[in-house]
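This report refers to the structure that appears directly beneath it.
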Amino acid sequence: MKNRLRVLRAERAWSQAELAARLGVSRQTINAIEREKYDPSLPLALKMARLFGEPVETIFDDGAGDLSRPGRETDSEGSP
């Protein structure tokens, strides 16, 4: 899954090992997520979102596009 983890980590000048320690995972896990070889569990993704102070959907992109419900009409401002 595409993600901004490397960018968010670099903005804070954290190494992979530092981020891993903050999240309670291995450095190899962080490396695999950054290289899009591994998708984090929901609890880990939520922990990352809290740590970075961003919604999960701004960190991870599953490529599905618009997350609004199918068949739901919205106006030009995104309101139903």
Give me the pairs: first residue in region 35-50 and over 16 Å from ASP61 (Cβ atoms), second residue loosely packed, with under 11 Cβ neighbours inside 10 Å, beta-carbon distance under 9 Å, and six or more apart or on different chains, which are they? LEU44/GLY24; LYS47/GLY24
For region 6-36, enumerate the residues that are within 12 Å of MET48 (Cα to Cα) and touching a strand residue (DSSP E or B) at 6+ places or on another chain (Cβ under 8 Å). ILE33
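Every number in this text was worked out from the coordinates using simple rules, so none of it is lab data. On a predicted model such as this, the values are computed, not experimentally measured, just so you know. Cβ atoms come from the backbone with ideal geometry, glycine included; neighbour counts cover every protein chain shown.
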